[in-house]
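Novice: There's a structure below that I have some questions on.
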Amino acid sequence: MNFWETVLCASLASLLAIILGGLYAIGAFRKRKPKEPPLDKGLIPWLGHGITFKKTPFAFLTEMRKKHGDIFTCLVGGKYLHFVLDPCTYGPLTRESENKLDFHAFATIISGNIFDFQASKALDKVAKMNSKYLKGKELGALDHRLMEMLQTMMLRCQQHKEGEKSWQEDTLFHFSFKTIFQAAFLTLFGTEPQSQENIKERELKQCGEIFEMFLEFDRFVPQMAFGMLDPSGKEKAERLRNIFWDLLDVEKVYEKENISTWIVKQDQNLAEIGESDGIRTRIMFLFLWVSQVNTGPAVFWILAFLLKHPEAMKAVRDEVDRILREVGQEVKPGSPSINVSLDMMKTPLLDSAIQESLRLRVSPFLFRGVMQDTEVRMANGRVYILRKGDALVLSPFIALHMDPEIYPDPHAFKYDRFVNPDGTRKEFSKNGKTLRHSILPFGAGHSMCPGRYFAVNEMKIFVILMLTYFDMELVNPEEEIPPVKESSYGFGTLKPSCDMRFKYRLRF
Ligand code: HEM
């Protein structure tokens, strides 16, 4: 072999080694080991099932479940994801130690890709510590303030109309989301000085503009989360993010009054652990997003279901009217606005209707990084091993909410599904065993949503006020509830694929 032949052979050998090394690195040679879940790499190298999973996650998982059963591993964009769809494993898996299954690894990707900061364990600790400000006495204060805000806003619009009982038309998703967004924004992030009694016109207008930008930003979130935004989308998303950072700049936030303790304490703790103003502002925006993105669509769905099910609307309204009468808060023409604590509002039918709409329309994926080989024991007794370095994905929506054994006729809205005839909460079982948690719209275990009590109370207050003050109808009573936007599966509350028109007028 002459010199050049030797050089050529060496170059080809290096190239081959690089290609093989690359293929090895992206897992092209990965084989299923004993006790590991069925492996499905799809047909496209590296990408695997990435495109289908991103576009139609629900259809994809349903198909994979038919093919492989309740546990399987798929290649998705260079990463191996273990999907577990057996609800009996969810308790142990979500309580598993963070040394084995870590929520943090995934939170870091989200905070980095969407909010442009690196979530650290210290930040996570602060967040956990502050969940106490979304419970108990603090929660009561938030509810009270939200109720005041919502009433002022709902009734203020009416006073501008000629003849108090004329119908007004609007789009239900936009109306519901905007109304709860404005009220919750002012409740959590405070009001401009001296505007606590009277929400100023200008402030509401500004909140309305913030809401429109929020909606626009949120449209980019699924692609941002996967790091798959095209350059034009990236530019638009970054422009919006800059506007939010400016709006929620920590110094500006502190110029407000009546800021919720949750926001204040959170920020003070971050300052104490030495976080810069820039990071604290980014975290303000993260908090705005997490506190609003799921609740708006959730109040839309409960109202849409009630409008489409007159028997449910009547039963819930009768219940609300009766309780308000019992607590001396009946609304009549000229009566003062409602001032009642939710502890006094025992509304089992409304509570059940809210649970039912959360069951049907909240679909989070719960992600965990697999930090060391971890065993999963399935309901049938089989044990599988999740490989270190992969990720685990749980879908309570598919595994639990849509299980016909737990919920017969699972796609139907049955407003009283969660309540016994005596008003107590119904229990549900699987394989003959009572389930500790029969729905998991707020996640579970270490990363469970700290805002869950406030979220449910927001839904409750919103429905109580809408039903008390307004008659409501769909503009086209034949119109079906819109199907959900497929790409919103996995991000919490599902979004409708289009809006629907409704009309409302004062009842009294
Ligand atoms: C219907 C409304 C809501 C739904 C469906 C919802 C659902 C969720 C889910 C599924 C998670 C992630 C859980 C996990 O990965 O295991 C989460 C996290 C979070 N939610 Fe909510 N949420 C709602 C409303 C709220 C509200 C109103 C707030 C605050 C006021 C809030 C604050 C948070 C925070 C701070 C986190 C991050 C927790 C962490 O990093 O440990 N959420 N939420």
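The values are calculated or read from the model by the stated rules, or taken from the named source; none is laboratory data. Only a predicted model underlies this, so the values are computations on that prediction, with no experimental measurement involved. When we count neighbours, we look across all protein chains shown, and the Cβ atoms used for this are built from the backbone with ideal geometry, even at glycine.
Novice: Looking at L494, L435 in this structure, which one is within 12 Å of the ligand (Cβ to nearest atom), within 24 Å of the chain's Cα centre (by Cα) and hydrophobic (A, V, I, L, M, F, W, C)?
Specialist: Only one candidate qualifies: L494.
Novice: Something else now. Which one of F106, F53 is in a helix (DSSP H, G or I), within 13 Å of the ligand (Cβ to nearest atom) and modelled with pLDDT under 95?
Specialist: On the way: F53 fails: within 13 Å of the ligand (Cβ to nearest atom).
Result of the check over F106, F53: F106.
One line per residue, one yes/no per condition, for (1) in contact with a Phe, Trp or Tyr (Cβ under 8 Å, 6 or more places away or on another chain); (2) within 15 Å of the ligand (Cβ to nearest atom); (3) at pLDDT below 90:
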residue: T73; (1), (2), (3): yes, no, no
residue: L101; (1), (2), (3): no, yes, no
residue: K121; (1), (2), (3): no, yes, yes
residue: K135; (1), (2), (3): yes, yes, no
residue: E138; (1), (2), (3): yes, yes, no
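Novice: Within region 146-197, track down each residue that is modelled with pLDDT of 90 or more, charged (D, E, K, R) and in a helix (DSSP H, G or I).
Specialist: Answer for region 146-197, where residues must be modelled with pLDDT of 90 or more, charged (D, E, K, R) and in a helix (DSSP H, G or I): E148, K178.
Novice: Taking F83, is it modelled with pLDDT of 95 or more, assigned to a helix (DSSP H, G or I) and away from the ligand (no atom under 14 Å from the Cβ)?
Specialist: On the way: modelled with pLDDT of 95 or more: yes; assigned to a helix (DSSP H, G or I): no; away from the ligand (no atom under 14 Å from the Cβ): yes.
So F83 fails the test.
Novice: Out of D409, D403, D416, I need the residue that is at pLDDT 95 or above, away from the ligand (no atom under 16 Å from the Cβ) and surrounded by fewer than 17 Cβ atoms within 10 Å (Cβ to Cβ). Which one?
Specialist: Testing whether each residue is at pLDDT 95 or above, away from the ligand (no atom under 16 Å from the Cβ) and surrounded by fewer than 17 Cβ atoms within 10 Å (Cβ to Cβ) leaves just D409.
Novice: Could you tell me how many of the residues in region 256-272 are of a type in the set (G, A, S) and within 13 Å of the ligand (Cβ to nearest atom)? Spell out the reasoning first.
Specialist: Step one: of region 256-272, the residues of a type in the set (G, A, S) are 260, 271.
Checking the rest, the ones that are also within 13 Å of the ligand (Cβ to nearest atom) come to 260.
Counting residues in region 256-272 that are of a type in the set (G, A, S) and within 13 Å of the ligand (Cβ to nearest atom) gives 1.
Novice: Another question, then. Among residues belonging to region 351-374 that are more than 11 Å from the ligand (Cβ to nearest atom) and in contact with a Leu (Cβ under 8 Å, 6 or more places away or on another chain), point out the one that is farthest from T73 (Cα to Cα).
Specialist: Among those that are more than 11 Å from the ligand (Cβ to nearest atom) and in contact with a Leu (Cβ under 8 Å, 6 or more places away or on another chain), it is A353.
Yes/no matrix, rows are residues, columns are (1) without any contact (Cβ under 8 Å) to a residue 60 or more places away in the chain; (2) more than 16 Å from the ligand (Cβ to nearest atom); (3) under 17 Å from H144 (Cα atoms):
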{"position": "N431", "(1), (2), (3)": "no, yes, no"}
{"position": "P441", "(1), (2), (3)": "no, no, no"}
{"position": "A444", "(1), (2), (3)": "no, no, no"}
{"position": "M466", "(1), (2), (3)": "no, yes, yes"}
{"position": "Y469", "(1), (2), (3)": "no, yes, no"}
